[in-house]
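Trainee: This structure is in structure tokens; I'll ask about it shortly.
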Amino acid sequence: MNTGNIGKVAVITGASKGIGHAAALLFAGNGYKIVVNYCKSHEKALELHSTLTQKGFEAIMYQADVSERAQVENMIHQCLCCFGRIDVLVNNAGIAQQKLFQDISECDWDNMLNVNVKGMFNCCQAVIPHMIKEKRGKIINISSIWGMIGASCEVHYSTAKAAVIGFTKALAKELGPSNINVNCIAPGVIDTDMLCSLYEDEKAYLKDMTPLSRLGKAIDVASLCLFLASEQADFITGQVISPNGGFVI
Ligand code: NAP
């Protein structure tokens with residue numbers, strides 16, 4: 001464990017499953033107090049919270065739809081009431097959907113942008129005043145390789161994830177003078193519930209396309225989050241890093 005992290009607080013959105021779940025376990029094991037944010041998966045969040053507290057880690061769970069501003073503000077208020085500080089924000093909560101462009105409804109579009117982009121906007125605006133006051137903080141936004149290269153039948157998802165990249169680069173410039181690092185992780189194909197709509201042969205194809213011959217694991221992304229949150233990454237900001245097993249992009 002990096003003892004320099006002891007007492008630090010990480011807010012991880014979408015921590016009930018997948019990458020966020022792995023990040024919560026990893027950050028807690030490395031000394032952070034955790035806010036386990038979730039939206040729909042109450043049982044899974046509860047299970048994670050129990051696991052963390054049984055191991056002696058400090059954590060709170062908080063149900064908030066990141067696209068709802070008031071809910072996000074209440075979550076950050078609760079975090080400050082319980083822990084008194086916020087050191088790291090991991091904007092991980094996200095949704096995906098596969099549809100032909102012509103079949104994407106206005107509601108699909110709004111939902112995609114609201115969760116993946118407005119959610120990040122809401123969370124950043126809620127934590128930044130506290131980070132600026134402390135003159136330090138780390139913000140890690142989860143994009144996707146599809147935000148870099150575009151995915152067929154995922155125009156709205158690719159749009160949202162490309163926005164995460166532009167947002168990260170611009171905010172990093174604005175917050176650099178306040179000693180706040182803003183970086184972006186653009187994972188390749190990671191084996192989580194987000195892939196549940198894919199057929200096995202589609203997954204096999206994606207694996208074949210990956211030079212390291214496997215799909216990514218949630219921990220592959222969580223480990224990079226932990227690094228970007230650490231002091232070892234103090235001079236890294238405004239970057240997009242893609243853990244993708246060499247998937248050609
Ligand atoms: P996942 O297993 O489906 O988990 C998604 C998480 O986001 C869940 O914890 C979910 O919480 C949460 N979430 C969804 N909508 C939310 C909302 N409105 N408010 C708060 N939380 C919300 O997916 P994952 O693969 O771990 O994805 C995590 C992030 O990585 C996403 O941003 C995704 O776009 C990105 N990513 C994934 C891959 C991949 O191949 N898996 C690749 C590149 C990027 P509830 O279940 O509680 O609602």
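The values are calculated or read from the model by the stated rules, or taken from the named source; none is laboratory data. Please read all numbers here as calculations on a predicted model, not as lab measurements. Here the Cβ positions follow ideal geometry from the backbone for every residue, glycine too, while neighbour counts run over all protein chains shown. Heads up: the accessible areas ignore ligands, DNA and RNA and are worked out on the full protein's heavy atoms, side chains in. Shrake-Rupley method; radii C 1.70, N 1.55, O 1.52, S 1.80 Å.
Trainee: Can you bin the range 66-157 into rounded, prolate or oblate? Criterion: square roots of the alpha carbon gyration tensor eigenvalues sorted a ≥ b ≥ c, rounded for a/c under 1.5, prolate for a/b above b/c, oblate for the rest.
Mentor: Details: a/c = 3.70, a/b = 2.13, b/c = 1.74.
Prolate.
Trainee: What accessible surface, in Å², does a 1.4 Å probe find on ASP201, ignoring ligands, DNA and RNA and rounding to the nearest 10?
Mentor: Looks like 110 Å² after rounding.
Trainee: Using a Förster radius of 30 Å, what is the FRET efficiency between LEU198 and LYS135 based on their Cβ-Cβ separation? Nearest 0.05, please. If you can, show how the numbers build up before the last one.
Mentor: Working: r = 44 Å, r/R0 = 1.47.
Step by step, r from the Cβ atoms, then E = 0.10.
Trainee: Hey, another quick one. How high is the relative contact order of the range 3-241, given as a whole-number percent (alpha carbon pairs under 8 Å, six or more residues apart)?
Mentor: 20 percent
Trainee: Here is a further query. What's the angle, to the nearest 10 degrees (0 to 90), between helix 42-54's Cα axis and the longest principal axis of the chain?
Mentor: Helix 42-54 and the main axis of the chain meet at about 40 degrees.
Trainee: How much accessible area per residue does the range 153-228 have, counting only protein heavy atoms and a probe of 1.4 Å, in square angstrom?
Mentor: I get 48 Å² per residue for the range 153-228.
Trainee: Below 23 Å, Cα to Cα, which lysines can LYS135 reach? Residues fewer than 8 away in the same chain don't count.
Mentor: LYS8, LYS33, LYS169, LYS173
Trainee: Something else: Using only Cα atoms, find the angle between the long axis of helix 119-134 and the longest principal axis of the chain, and express it within 0 to 90 degrees, rounded to the nearest 10.
Mentor: 30 degrees
Trainee: In whole Hz, with x marking every Gly and Pro, tabulate ³J(HN,Hα) for the range 156-169 from phi via Karplus 6.51 cos²θ - 1.76 cosθ + 1.60, θ = phi - 60°.
Mentor: Per residue, the Karplus-derived 3J(HN,Hα) values read 5, 5, 4, 4, 4, 6, 5, 5, 4, 5, x, 4, 4, 5 Hz.
Trainee: Which trypsin sites (Lys or Arg not before Pro) from the range 58-124 combine a DSSP loop assignment with at most 16 other Cβ atoms within 10 Å?
Mentor: Those that pass, being in a loop and sparsely packed, are ARG85, LYS99.
Trainee: Now for a different question. Reachable lysines from LYS207, Cα under 24 Å, same-chain residues fewer than 8 places away excluded?
Mentor: LYS17, LYS99, LYS161, LYS217
Trainee: Starting from the Cα of LYS203, draw a straight line to each of the aspartates and glutamates and keep only those under 12 Å, dropping any in the same chain fewer than 8 residues away.
Mentor: Partners found: ASP191.
Trainee: Measure off 7 Å from each Cα along the Cα-to-Cβ vector at LEU46 and HIS77, then give the distance between these two points in nanometres to one decimal.
Mentor: The modelled label-to-label distance comes out at 2.6 nm.
Trainee: Measure nothing fancy, just the Cα-based angle from helix 18-29's long axis to the longest principal axis of the chain, in degrees from 0 to 90, nearest 10.
Mentor: 30 degrees
Trainee: Shape call for the chain from the C-alpha gyration tensor, a ≥ b ≥ c root eigenvalues: rounded (a/c under 1.5), prolate (a/b greater than b/c) or oblate?
Mentor: Values: a/c = 1.45, a/b = 1.40, b/c = 1.04.
Rounded, since a/c falls under 1.5.
Trainee: Once a ≥ b ≥ c are taken as the square roots of the eigenvalues of the Cα gyration tensor of the range 29-94, is the result rounded (a/c under 1.5), prolate (a/b larger than b/c) or oblate (a/b not larger than b/c)? Numbers along the way, then the final one.
Mentor: Details: a/c = 1.83, a/b = 1.22, b/c = 1.50.
Oblate shape, in that a/c is at least 1.5 and b/c is the bigger or equal ratio.
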